[in-house]
Structures are given as structure tokens and as C-alpha cells.
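Single-structure report; data block below.
The values are calculated or read from the model by the stated rules, or taken from the named source; none is laboratory data. Fair warning: this is a prediction, and the values are worked out from it, not measured in the lab. Please note: Cβ atoms are built from the backbone with ideal geometry, for glycine as well, and neighbour counts cover all protein chains shown.
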Amino acid sequence: MNLSDPIIYLSLMVFLPALGALALAFFPRGKEEAVRYTTLGITILTFMLSLGLFFDARGVEFKTGVADMQDMFSAPWIPTFGIQYLMGLDGISFPLVVLTTFLSILSFIASWSITKHVKAFCILFLLLETGMIGVFMALDFFLFYVLWEVMLLPMYFLIGVWGGPRKEYAAIKFFLYTLVGSVLMLIAILMLYFNSDLTLLNPQQLVHAGVVKVEANGPRSTPESAFAEWVESEDDALAKRFREIKAETDPAKKRQLHTFNILALQHIGQHEDSPFNREAWLGKSIQWWAFILLFIGFAIKVPSVPLHTWLPDAHVEAPTPISMILAGVLLKMGGYGILRICYPICPAAGYDLAYIVCLVGVVSMVWGAFAALAQNDFKRMVAYSSVSHMGYVVLGLGVWSLGMWSATTPGSFTYNADYWKMGVNGAMFQMIAHGISSAGMFFCVGVLYDRVHHRNLNEFGGIMARMPVYSGFAIVIFFAGLGLPGLCGFIGEVFVVLSVWKYSQLLAIISAAVVILTAAYILWAIQRVYLGAEYKGPHGEALTPMLPREFVIAVPLTVMAIVLGVYPQALLNYMQPSVDQQVQQLADWTERFDASREALKKSLGEEEEQVALAVPASLPATPAALKTSIESSARPAQ
Amino acid sequence: MNLHTLIDSLISDTLQKSLPLFGPELVLCATIVVLLLARVLPLFDRIPPVVIAFIGAVTALIAAVPQQGLASFAEIESQELFTGMLVYDGMTAYFKLFLMAFAVLFVILSQLTGIADRDDGQDYFSLVFGATIGMCIMVSSNHLLTMFLGVEMASVPSYVLAGIVKGRRRSSEAALKYAVYGAGAAGVMLYGTSLLAGLLGSAHFPTMAQRLVEFDLPTRIADRELTVMVLALAGLMVGVGLAFKLSAVPFHFWCPDVFEGASAEVAGFLSVASKAAALALLVRVAIGMTYEPPTSDKLGSPPPDVAVIQPADVHAPILLVAQQQAAGDDSAAVATTKEGPLDPVRSFVVTLIGVVSIVTCTFGNLAAYGQRNIKRMLAYSTIAHAGFMMMPVAAAVALVGMGKTAAASEAIAALMLYATIYLFMNLGAFAIIAFMRNSMQSEEIKDYSGLIGRSPLIAVAFTTILFSLVGLPPLAGFWPKLRVLQSLFEANSPLLMFVMVVAAANTALSLVYYLRVAKTMCIDREADGTRPVTLGFFQTAFVLAMALPVVLYGLDPERIARWTQQAASGLFQ
């Protein structure tokens, strides 16, 4: 086994927890401590592997300042169905992977207090971790889907067996919502798959998508030469079919080379003759429908209003460590999916629906904040704060701010994606920051609940006097959630709100105003729980100081919250190049798209303005199709 | 040509060509005879019937392996056996292998649950093997007569099997309901068969397809001829018989009652083998009626060995098959008309199967919600899955109409994959039910509560199987569902797109009731006074042998997928 090979290294990272779960299954009954320490060891080992990517310890390294996919590998998985085992890391996924492995350790330490069916808990926990890490690394759409579903079962049982009084209701609600979302996603995957065509891509894009491999030196060092060699190779079945389809000149017999490769699908989606632009149903294009289906699927996971109702139930009933994982990692998958899949693959639909996506984000922010204000249950309040905070993510991802109209020369528009980049970077930053602060907030609630066995905000008070150290940590973490400058929550929120100003001032004003609501519910909660003269609620005698175990969880979360707030560059260095590159590609695509639409409008002339207005409304027209329609419509005018 | 040469050619066809490929069925026949004789002979009656049955089933399994090995399904050329009554191709070979493998597993299961004891064993196994032979005929059927024969041969022993547990009122009731219902369906089917044969002048599927081409349906429909109505009616009546075997709505009423009344083992037999055979028969009929091979320049010329025995003397008794005249050249021209002569048939079949499949699937899933008996719940689940498995047949017919034969064979491969994965899931589920029945004398879902504490292994295995039935990746049940959806998507007609959406929605719909059982086992508290569950080593091993493939094929379905793909590739040359 050679760890310097990415396929070994990254696979190990993904499947080490699953292997650990398999090993745990053979542990004898009654060895609960051993099971716990083994699980902890596995989570730590996985974390070490992810940390190893920061350094060049084993030859597999994640470099800063590189925008493209790194450490990418592919292997056939189910060649009969055209499904590959394709994984890789870039600046979008790498921070999320590290966040996952990091939170897994902390939440497992938090689950030390669980005494019921310890072995089963550990097995499910480790399976969940495999699913989570895998989703962020998978670059084959199907692998992504399978790993996405892998998380469902463990999560159902983790909530359903170890949860609170209404655990069964909460667990099945979570399961059903997610399954409906993933069924929609499955239909979208099929739509995209059957309309994809790998032969549209040029050698460079094929190399970027990992279809053609470039070697550092030798005959395959440039994309073109590597492609030339690949397409002639006899042993590669894909290359063979590629060649056959390319050789077919008769357009009637021309077939397509379908692919599940997410990166290739991105290039196909942004191609000027994208097959996704074909009309599918009700005058809307394939990518429009795919975008809608995918967005609903991901919005359920985020969760966005009105699909958020599973979240408060699941959070309230889930045990503390599972709430930490749920808020810290699982919600991020929605945002990750929107960023990685929705926009790059379906740009025209994203362009068309940008305002709706932003609106969904803003509504979630406002709704979640008001709902949080109304809660008396401490955990429910934190859950609604997640809905509100994840609204920033959706808003930041949806902002399609392109540039500006010139102030001096009317009608001249300069394309400048800087604010757009800022918004998406802000959303990504917010995902990581929220991963830390919300996990921390749920942990703080859990610490109190373990002691006094209730979560009623109105019966707390005076915790600061009884548990000063804990209260100190808790207040820092809650302020991080609030978005206080100097803590991690601030950067993401301010980036997002700033970038929205360029897109829609109304939405920017509303989203900035949400900060006041956030401050209100968090400060009010702090006041009701931590401040006050003395604790008058039940089980007052149980309010003992923090245990060392809890200390171990609180310290890293607090430190991370402060570090990311003071020195955000630590995260941005890794993240920004990839985000910027993706946004730049989309911006270039938009410029081309606008230009072709503009050309169409002009050529149609004044008297046919109605037609011109009608055509852009149905976006599917490809530039090539536009050209022909321009020519045909221009002729009678002459 | 005199009678002598006729008989000679017939004998050589039977002995040299047909019988070697009919091996598994012959082995099963021999096993039945041995089973029944062994009871009479003084010395042999000491041998437990299960031993004979097991040896017979394994021999049949070996006989069912294609001559060039397991990976050679693609090389099997399609050929007609017994003067065109049966057809042997990759699909036949695959399904025979499937049925024989099922027979072996079923004999083992029957021994482990103790349903076939020393006294009943002979009857029980003879009935099972008899039904299996019928199913083999169904999957290889190439003629209306063998179709009907196969359906009846598979059904009649099943009626008895449903009531094999003597002295139980429910069991007898189930058997009676099944028999009465089955007889009615068979009658309707027979009437439809005779109408079809009468209208088209043949009962041989490929010949019937040619006759349909010559029939010039588009013109007749335009002329509003009454024959078209009769033809559609005949098609519907044959559909009734098939729908009964498939337990498709609205001919599903027997299924829950029979499953509840019959023993769990028999229910497993009916839900796996019987369904698979019925689906294969549906493929045979649907494809047989709607697909004309591209070598249409030789239209009308029957297979060479049939042609030999096709002289002018019509009164030769073997002339069941190819009664067509040498109506060669004029029919080839029909194929070039603007609307294909088979298009009305195709759209009829696609609409019929498509509508019935979504109704069946949705109804099965909804009706399963309220069930308290686990066998009854699984009966409705079987109905739902049968609906799901019918969908690729509709897709295949539609794809054939579009000329995409490669995609059509993919659709049939999806069905085969589904049937194979379904074997592990449902046989595993019914095995667990049977073991639990032996252990705690109950088949109510509520008595499974807290099983995780009493028998963790069984609970985990059952949960895995249930989630695989939902179709949750990475369990095996997901892949066939995916392939079905893919084939429906590729067919790309409004109806089939609707079918696809309904099918996808049904996946979410079915989650609730499977999850309820899983929840009862894993989350609910153990009820007071439940008996402890004790399972022997072999019983546990059997459950694991069923549940492990569900996980392993979920992680790597490549091999089975390739086999099914190869097996289906020969359907459309």
C-alpha cells in the first residue's frame, strides 16, 4: 500500500471510518470503553489524514493558491452503467472535508455520555462520517448521489434510537424530507446524463475533467498531446467510443457520449452549444428543470424556507453530538451541492432564476430569525438560528452581480465579477464559520441539558455564577454566531451583504437588517440563560463546573472561532482561488450569453421588439440557434 | 416428402437439438418421478425426500449453466426448440439459471424451516418442481399454446402449495381463493388466446408478428374495422391472464389473502419465482408481438427445421406452429409505409403496460401502509415491485418502436437485474419471517418489536433487506430501480416520462411502511411476554447468505449487471 498515491490516500480518508465500523461489529459485548476508544482513535486518525494534506508528508498535498482540482484520481466502478470512482479536492471541498473530520472528533467526544447501545452508536457514527467525507470528495455525480444517501440510514437511527421523546417522529420526518429531495435529484441526474455529450469538450477541458490524464513529462505533458494519445489508445473503452462518435459524420446517426463526471458536466453546461439548452417541457430548457429539481433537493438539506420544517424537529430530538454533526456538516452539503452542481452545470437556469434563489435565501434569513425570537426551547432557538444563518449561504451563492452600468457613458456595461466572487466566497466562509459556531452552540445547549434535563429558556438564569468557565466559552461562541466583528461569523455575513448591494439594494437592506434580529435573539438568549441573579429552575444542584472532556470540546471550537475571525486569510488562502475561478468562468459564460442575446435583439430591429422580448424569456436558444434565427429574421428587414 | 422423412426430421430435431437444451426441465421431471417412486419402494423410503430434492435441484442447476460457462450469455444464439414451441436464447438461459438457483435455495430453506417433513416432503417438492418446470416453459415460451401451458403448469401446483399446511382454515381458504381466481383468469386468457390465434391464423409469436404486419392495422383502424376491436379485446384478455400471474391491479386481489394464508416459504416462492417467470413471459409476449426482426426480406419463411415439416398436407397433427403460406415479398413492402404496421400494436402495449404498472405500483405501496401482518404487508410490497418491474417492458417496447434496439435490450436487462436482486431480498425476508414464525409463533408486525435486543443479527439483516427493498443506495435494491428509471427516461415519451415520475415518487412513498417495520424492530421497546428468539446455526447462515449479497451487490453490481446485459443482448438482432 502506497500512501503517496492519491487514490489510496483519499480512499483511506473516506473509508477508514467504514472499515472501523466493520471492525467494531466484531467486538464482543460489554467492551464499551474499548469500543469508544477505538472509535475515537479512528476519528482522530481520519483527522490526521486530512491534516496531512496541508503538508507534503506523504506526497499527497493540498497546495494553496491552486484553483483546479488537486489529487484527482479515477478508477472504474461500474463500467456497465458508466459510473466511475472519481474523487478529488479543490478549494471548495477541502475546507469542508477538514471541517467534517474536525467536528467528527469533537462530536464523538461529546457523545461520551451516551450509554445506550454504545457499539451500535459507534458503528452508525462511523458510517455517517464515511458518507460525509465522501460526499465532499466525490466528483462522479453518481458516486456523489450514493454517498449522499449513505448518510441517511445512520442518521435516521442516530436520531431515532438515541433521540428525545419525539425521536421517531423527528427521525422519519428527516428521512422523508431528505429522500424526497434525493429522488428529485435522481431525476435531475438522469436528465443531465442522457443529454450530456463528452465529445463536445476540447482537450483542455477533458484534461480538466480528469478524463484524459496529463503526465508531468514525456509525450503526454500537454493537454493536446495527451488527448491525441488517449483518443488513439485501444485499451481504453471510453476513448474507443469517443473516437467512434467523433468519426460519425452523418448528423442523423450521431450519438452522444454520456457522462456522470461532474466536472465534464460543468464544461458541457457552459458550452456554447450546450445540449442542456434544449427545450424539455412547458417551454423551459432541460437545464431549467434540472436546476429546479436539484435546487429543491439541496434546499431541503440547507434547509431553506419553506422546506425547513424537518430541521427544528430533528435538532430538538437528536442527541447533542448528532445535533452538532447535523448543524455543523450535514447542512453544508446543501450549500456545497448548490455551489458545485447547480450553478456550474445549469448556468442559464441559474442566471434566469438568480433572483428567486436570492429571495429564498433572504426569506430564510428573516423567517428563521423571527422564529428563533419566538422560541422558549433553547435548542429549538439554536435550530432556527441555523435556518437563518444558512440563508446567508443561499443568498451569497445566488448573487449574480455582474458588474456595473457606467456612470459617464449611458448604456455601457462593464463586466466585473469581483462582487460576485465576494458573495460566493462569503457564502463559503459562512458555511465553515457556521459549522464551527452552530456546532458550538448545540454543544453549549447540550452541556446544560446534561445537567438540568430541561431546555426551557425561561427557567434558566444565573448560569454565569454557577459555571463561569463554561459561560465564558458559551458567550464567545454565541457571539461568533451573532456575527460580532473579530469572530468567525462576521466575515461571511459582511461579504455576502456587501455583494448583494450590487445585485439588489432591497435584498441587501433586508439582509443587513436581519443582523439586528440575530443580535436580538442571541443577546436575549444569553441574557435569559447566563446572566441574572441566580438559577431558579429544576435540578439546580446538578450545575457542576465543566468536565475536562467538555473542556476539550469547547477550547478548539472557541479557538477556531477567534482565529477565523481575526485572520480569515487562513481559510481564504485555500478556498479563494477555486471559488474565484468558478465564478470567473460563470461570469465569462454570462458575458457570452448576454452578447448573443444582445446581438439577437439588435438584429431583430425596433418593430419586432416583441419577438425579441419573447425569445430571451425562453432561454434555451443556443448561440448557434440564435445565429440562424437572426439570419432568418434579418432577411425580411432588408 | 412422405411421412417417414417428416418423422425422421422431427425426431432428429427433438433429440439432437431440443432435448439437450431442455436439460434442466428433464432433470426436474426425473426428480419428481424419483421422489414419488421412492415412497413406494421399500428400501428407498428411508431416504429423506429433501436429499433427493436437493440432489435433483443441484443437478438441474448445473444443467442450466450455459455450455460455454457463466459469462457466455452473449454467445447464445437464439434458436427455436420443439418446432418453434419454445425459444432458447440468452434470456431463456438466464432465467432458467435463475429459476434453478432459486429451486436449490428453496429446497435448503424448506429443510431449514422444517416445512417439508418426512411425510409431506415428497408431495411438497414434487409440487415445487412441477411449478418450476411450468415457469421454465413460461420463460422460454414462443407460442400461445406453450404460454398457456406454462401458466397453468406453474399455477396448478401453486394452488396446492398455498394450502399445503393441512388443518389450517386460513390456509385452505387461501388455496381455494387462489384456485377459483386462477381458473377464472385462465378461462379468460384461453378465450383471448383463441381469438388471437383465430384472427392471425397462427399461434407462433414471430409468425403472429408477421401476420400483424400483413394485417395492415393502420388502414384498418382508419377504416374503423371491427376486427381491430376484436384484436384489442383478445390482447386485453391475454393481458388478464398475465396480470393475474403478475398480481397486477386490478387482478391482484388473491395476492394478499394467499400470502397471508399460505406459509411464508410458499409466499416466498410465489413472490420471487412466480413473479420472475410471469415477467419473462410478459417480455416474450410483448416483444414477440411488437418486434419484427430486421431480416424482413425473408419474411414468412419459418425457421429451417420448421420448414421441413411444413408441407402442404395440413392434416399432419404436428402443424401447430407455422401455418403460414409462403407469403413473402408483398409483406416486405408494407414495412416502408409511413406509419409502421406494428406501431398501433406498440402504442397499445405500451399504454396498457404503462398504465397498469403505475396503478399497480402506487396501489401496492398505498395498501401496504395499513397492514399489521408482515406477510400481508410483503404481499402488497410484492404487488408494488411487480408494477415497478413491468415498467421496463413498456420502455423496451417503446424503444423498439423508435428503432433503439440496444436501449431496448438494456431495458430488459434492467428487468433481469431487478428479478435477480429481488430474489435475495424477498427470499431473505420470507426466510426470516418463517424462522421467526417457528420461533415465536407469530407473524404480526408488532411482535417484532425490540427484535434488535433479542436477535441483533436477524434484526440487522432484516433491516438491510427492508431498506434495499426501498431502493436506498448503496444497497443492491437501488441499482435495478435506477436502471428502470433510466430506460423509462430514454424512451422519452410523455406517458413513460409520467411513469418515471410516478415510479420515482413511489420510492419515497414506499419508505414509510418499510421503515415502520425497521422502526418496530430496532427502536421500539420489547413487548412484555414475547418469547426469546433462538435460531440455529444454519438458519442464521441462510439469512446471512441472503442479506450479504444485498450489501455486496450494492457496492459492486458490475458482474451481475454485465451478465444481464449479455443475456438481454441477443433479444434483438
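Only one entry of B:Gly450, B:Gly471 meets the criterion of being at positive phi and more than 11 Å from chain A (Cβ to nearest Cβ), and that entry is B:Gly450.
One residue alone among A:Ala239, A:Ala209, A:Ala171 is touching an Asp or Glu at 6+ places or on another chain (Cβ under 9 Å), away from chain B (no Cβ under 14 Å), of a type in the set (Gly, Ala, Ser) and within 28 Å of A:Ile341 (Cα to Cα), and that residue is A:Ala239. Restricting to the stretch A:474-520, name every residue that is aromatic (Phe, Trp, Tyr), under 22 Å from A:Leu448 (Cα atoms) and crowded, with 24+ Cβ neighbours inside 10 Å. Passing the criteria: only A:Phe478.
Only residues that are surrounded by fewer than 24 Cβ atoms within 10 Å (Cβ to Cβ), aliphatic (A, V, I, L, M), in contact with a helix residue (DSSP H, G or I) (Cβ under 7 Å, 6 or more places away or on another chain) and farther than 20 Å from A:Val135 by Cα: list them for the stretch A:287-315, please. Across the stretch A:287-315, the qualifying residues are A:Val305, A:Leu307. Selection within the stretch A:301-328: residues that are outside any loop (DSSP other than H, G, I, E, B) and touching a Gly at 6+ places or on another chain (Cβ under 6 Å). The member of this set that is farthest from A:Ser113 (Cα to Cα) is A:Lys301. Residue pairs whose Cβ atoms lie under 7 Å apart, separated by 6 or more positions or on different chains, with the first residue in the stretch B:536-560 and within 12 Å of another protein chain (Cβ to nearest Cβ) and more than 13 Å from B:Tyr422 (Cα to Cα) and the second at pLDDT below 90 and surrounded by fewer than 16 Cβ atoms within 10 Å (Cβ to Cβ), are B:Glu558/A:Pro79.
If you check B:Thr227, B:Thr207, B:Thr193, B:Thr219 for being among the hydroxyl-bearing types (Ser, Thr, Tyr), touching a residue at least 60 places away in the same chain (Cβ under 8 Å) and farther than 28 Å from B:Glu443 by Cβ, only one passes: B:Thr207. Say whether the condition of being modelled with pLDDT of 90 or more, assigned to a helix (DSSP H, G or I), in the same structural domain as A:Phe443 (by TED's automatic domain parsing) and in contact with a helix residue (DSSP H, G or I) (Cβ under 7 Å, 6 or more places away or on another chain) is met by at least one residue in the stretch A:87-95. Taking every residue of the stretch A:87-95 in turn, at least one turns out to be modelled with pLDDT of 90 or more, assigned to a helix (DSSP H, G or I), in the same structural domain as A:Phe443 (by TED's automatic domain parsing) and in contact with a helix residue (DSSP H, G or I) (Cβ under 7 Å, 6 or more places away or on another chain).
Restricting the stretch B:457-489 to residues that are within 21 Å of B:Leu279 (Cα to Cα) and over 21 Å from the mean Cα position of the chain (by Cα), which is surrounded by the most Cβ atoms within 10 Å (Cβ to Cβ)? Across the stretch B:457-489, the extreme among qualifying residues is B:Gln486.
Contact map, the stretch A:476-489: first residue free of Cβ contacts under 8 Å to residues at least 40 places away in the same chain, second residue of a type in the set (Phe, Trp, Tyr), Cβ cut-off under 6 Å, separation 6 or more or different chains; pairs are A:Gly483/A:Phe490. Of the candidates A:Pro165, A:Pro203, the single residue that is under 30 Å from A:Trp112 (Cβ atoms) and away from chain B (no Cβ under 11 Å) is A:Pro165. Annotation note: Cβ proximity below 9 Å between a residue of the stretch A:70-84 that is within 9 Å of chain B (Cβ to nearest Cβ) and a residue that is part of a strand (DSSP E or B) and basic (Lys, Arg) (sequence gap 6+ or interchain) occurs for no pair. Counting the residues of the stretch B:493-504 that are closer than 22 Å to B:Thr564 by Cβ and within 11 Å of another protein chain (Cβ to nearest Cβ) gives 3.
Under the condition of being within 22 Å of the chain's Cα centre (by Cα), surrounded by 19 or more Cβ atoms within 10 Å (Cβ to Cβ) and not in a helix (DSSP H, G or I), the residues counted in the stretch A:47-69 number 3.
Filtering B:Glu490, B:Glu443, B:Glu526 for residues that are acidic (Asp, Glu) and within 13 Å of another protein chain (Cβ to nearest Cβ) leaves a single hit, B:Glu490. Those helices (runs of 4 or more DSSP H) of the stretch A:464-576 in which at least 3 residues are over 30 Å from the mean Cα position of the chain (by Cα), considering only elements entirely within it, cover A:468-482, A:505-529. Which one of these is free of Cβ contacts under 8 Å to residues at least 12 places away in the same chain, of a type in the set (Gly, Ala, Ser), assigned to a helix (DSSP H, G or I) and surrounded by fewer than 20 Cβ atoms within 10 Å (Cβ to Cβ): A:Ser225, A:Ser221? Only one candidate qualifies: A:Ser225. Here are some residues: A:Leu128, A:Leu147. Which one is more than 11 Å from chain B (Cβ to nearest Cβ) and buried (at least 22 other Cβ atoms within 10 Å of the Cβ)? One residue alone meets the criteria, A:Leu128. As for the stretch B:121-134, it holds at least one residue that is more than 25 Å from B:Phe424 (Cα to Cα) and buried (at least 19 other Cβ atoms within 10 Å of the Cβ). The condition of being farther than 28 Å from B:Val400 by Cα and within 12 Å of chain A (Cβ to nearest Cβ) holds for only one of B:Pro456, B:Pro480, that being B:Pro456.
Looking across the stretch A:9-46, the residues that are in a helix (DSSP H, G or I) and either aromatic (Phe, Trp, Tyr) or not assigned by TED's automatic domain parsing to the domain that holds A:Ile325 (or both) come down to A:Tyr9, A:Phe15, A:Tyr37. For A:Glu129, the requirement of being modelled with pLDDT under 90 and touching a helix residue (DSSP H, G or I) at 6+ places or on another chain (Cβ under 8 Å) is not met.
For the stretch A:99-122, does any single residue satisfy the condition of being in a strand (DSSP E or B), more than 14 Å from chain B (Cβ to nearest Cβ), touching a residue at least 60 places away in the same chain (Cβ under 8 Å) and over 20 Å from the mean Cα position of the chain (by Cα)? Checked the stretch A:99-122: no residue is in a strand (DSSP E or B), more than 14 Å from chain B (Cβ to nearest Cβ), touching a residue at least 60 places away in the same chain (Cβ under 8 Å) and over 20 Å from the mean Cα position of the chain (by Cα).
Looking only at residues of the stretch B:438-492 that are in a loop (DSSP other than H, G, I, E, B), of a type in the set (Ser, Thr, Tyr) and touching a residue at least 40 places away in the same chain (Cβ under 8 Å), we find that the one that is farthest from B:Thr540 (Cα to Cα) is B:Ser449. Output the residue which, of all residues in the stretch A:174-191 that are of a type in the set (A, V, I, L, M, F, W, C) and more than 7 Å from chain B (Cβ to nearest Cβ), is surrounded by the fewest Cβ atoms within 10 Å (Cβ to Cβ). Top of the filtered list is A:Met191.
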